[in-house]
């Protein structure tokens, strides 16, 4: 065999030869990925660290909040109420003070986030006039936390009241019973798990793919590859395939961690979930190819991927800052960020258990993005150096 | 085998940077052809045009009957190319690199083993070593193996010996000679003038123009001046005084000597000795010098300027 002569060969033979090239190239890519231990560590460490951080450290949830009691009544009712507060998993009664004026010191020291004052006439008023007051003194330096724990405590106190007056029908009272659907405990994990997925997939697919192709250009390997009978599209395909597999694997890791550690449910169809991930991965890969076709240095490719793609993903993805609260122009801009649609579809499927019909709009938009990026990268692909 | 016809190429938005202007060359089948010139002379640009990577602005080139612009697909099957900045895959082993390049050309190491055997035996002890951990000379040998693995008809080597030690350079040229004997046409570029004499034919390139295209021996034979090598205690003063002497056409440093160019039959070694002594220089040593390719290059470069 002198050299490969594809002309005049049957189609099957040509496909077989192309497949061999593709296979060799994919194998080479897999070596690159597996041997770059540091990058691999970052790729797996990043989603795991993010899940753990968001899940346990950076949470707005009220859990084991320290409170002090100032029980001036010291009777049956007040003991019952204290018991009930302490029994809930949101609060820990860590101490008590004798006079309400000491509350200031306790909050200042940070020994507690909230002081609950039960007045001396609590039981009497409760039994005779059906209405008693309780004072909640909160540390207002973190207003969000303060109002959240007040809300939680109010619910517990309301519960207590309903227990006490179980049989008494109060005339003309309007009770607001609100219910948070899909996420009754207001768990933060429900918002950020789909968000972390969008971010990590963006990094792997767009950043890693564009950098790895540009690296071939920068080191001169692309020149040698171009001067070979290999169809340049095979180069592109074989770059994308290993990252596609890696992305799906990492999606599985994230989902596994979320379900087991953070107790986030997957209410919808798991195949639909993976299907949407696959579409988003392909769109992000194609975006990476577009970036690689317009740059010649790894640094530039990284900057475009990070600043141009990651930042909008975080800002307009919908999982960090609610898009509904943004000014109208920003809301309009957010529509062009693919991650937003991915986030909507994923949280819809995972948390609300939506079917394919409900996320059809998001899927179609992602498909359009993928197709457009693939066409652009195909059009931009250069068979020569300029 | 390779025919370059009036090729011009410029870069920049308005084409203001001219890289090549009106280049014409002719390389016969089975020749070891050298393109000699300093950095920035346009060697790489010409190589890229011939290897179908760049399009010429003007002119055309034909390799083995195929046009480098229109028949690029066919040409890419018969060309072997080793880019100047080529660096292999550092994280793949010697064997993996070679296997990879074999498979993208749809061949295997075994099929063309005979061709690369001489070079590859030196690499085989390091088969499992990563390419990044090889010495400079070894890397070049591996790169050459990769460029040869599909038995190309024409081999393009862009500065293959730049940054390689003297011994490895010598070995590399010996390998090129053996490949030439296999019938492969080799087009090699180098900034080292001393490698020129190892080629069958050379072209001197400077600022995107060909100064001369000839056999190395014919080129040096065409050097029509007397040439002396001069050494003394004060080399710098010596050069200055000599260049101001009307009998001297040119004086330039050449290794540890000054090369002094005069019109044939005007002055001899003794005249120069006396002249320098009169100027107060000591430890004078003068010898006759056979002109090298570098002397010719300097001569051609200066004549072109004036």
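No value in this document is a laboratory result; all are computed from the given coordinates. Fair warning: this is a prediction, and the values are worked out from it, not measured in the lab. Positions of Cβ are generated from backbone atoms using ideal geometry, with glycine treated the same way; all protein chains shown enter the neighbour counts.
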Sort A:250-261, B:187-198 for me by packing, meaning the mean count of neighbouring Cβ atoms within 10 Å per residue, highest on top.
B:187-198, A:250-261
For the pair residue B:110 and residue B:222, the simple spin-label estimate (label points 7 Å beyond Cα toward Cβ) gives in nm 5.1
For a footprinting-style exposure proxy, rank A:164, B:68 by other Cβ within 10 Å, fewest first.
A:164, B:68
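Rank-order B:266-273, B:137-144, A:33-40 by packing density, defined as the average count of other C-beta atoms within 10 Å over each peptide's residues, highest first.
On the way: B:266-273: 14.9, B:137-144: 22.4, A:33-40: 12.4.
Descending packing order for the listed peptides: B:137-144, B:266-273, A:33-40.
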Taking chain A as a Gaussian network, Cα atoms linked when under 10 Å apart, which of A:265, A:119, A:194 shows the biggest mean-square fluctuation?
A:119
If a paramagnetic tag sat 7 Å from the Cα of residue A:12 along the Cα-Cβ line, which residues of region B:85-114 would have the backbone N under 20 Å from that point?
none
Taking R0 as 60 Å, what's the FRET efficiency between residue A:384 and residue A:332 from their Cβ-Cβ distance, rounded to 0.05?
0.90
Residues of region B:41-55 with the amide nitrogen closer than 16 Å to a label point 7 Å from the Cα of residue B:71, along Cα-to-Cβ, please.
B:50-53
Peptide B:98-104, shielding by other chains (average Cβ, 10 Å cutoff):
6
Within region A:121-146, backbone nitrogen closer than 19 Å to the virtual label 7 Å beyond the Cα of residue A:325 toward Cβ:
A:140-146
With everything on Cα atoms, drop me the angle between helix A:76-87 and the longest principal axis of chain A, reported from 0 to 90° to the nearest 10.
10
Using 0.36 nm per residue, how much length does the chain from residue A:121 to residue A:162 gain when fully extended, once their Cα-Cα distance is taken away?
12.8 nm
How far is helix B:166-181 tilted, in degrees, relative to the longest principal axis of the Cα atoms in chain B, given as a value from 0 to 90 rounded to the nearest 10?
60
Computed FRET efficiency, Cβ-Cβ of residue A:129 and residue A:42, R0 60 Å: what is it to the nearest 0.05?
0.40
With chain A treated as a Gaussian network of Cα nodes joined by springs under 10 Å, which of A:217, A:74, A:340 yields the largest mean-square fluctuation?
A:74
Before rounding to the nearest 500, sum -39500 (n - 2.57) across all DSSP H runs of length at least 4 in chain B and divide by the residue total; then give [θ] at 222 nm in deg cm²/dmol.
-10000 deg cm²/dmol
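How do A:247, B:217, B:103, A:297 rank when sorted from fewest to most other Cβ atoms within 10 Å of their own Cβ? Before the final figure, lay out each step's value.
Numbers: A:247 26, B:217 10, B:103 22, A:297 13.
Listed from fewest to most nearby Cβ atoms, that is B:217, A:297, B:103, A:247.
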Sum of -39500 (n - 2.57) over DSSP H runs of 4+, divided by residues of chain A (222 nm, nearest 500)
-19000 deg cm²/dmol
Please give the direction-averaged projected area of the C-alpha convex hull for region A:65-164, in square nanometres with one decimal.
5.8
Between helix A:209-218 and chain A: long-axis angle, C-alpha atoms, 0 to 90°, nearest 10
40
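Going by how many other beta carbons lie within 10 Å of each one, how would you line up A:15, A:356, fewest first?
A:15, A:356
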Here, residue B:247 and residue B:90, labelled 7 Å along Cα→Cβ, have an inter-label distance in nm of 5.8
In a GNM of chain A with a 10 Å cut-off on Cα contacts, which of A:88, A:129, A:358 has the highest mean-square fluctuation?
A:129
Report the calculated FRET efficiency for residue A:231 and residue B:231 (r = Cβ-Cβ distance, R0 = 60 Å), to the nearest 0.05.
0.50
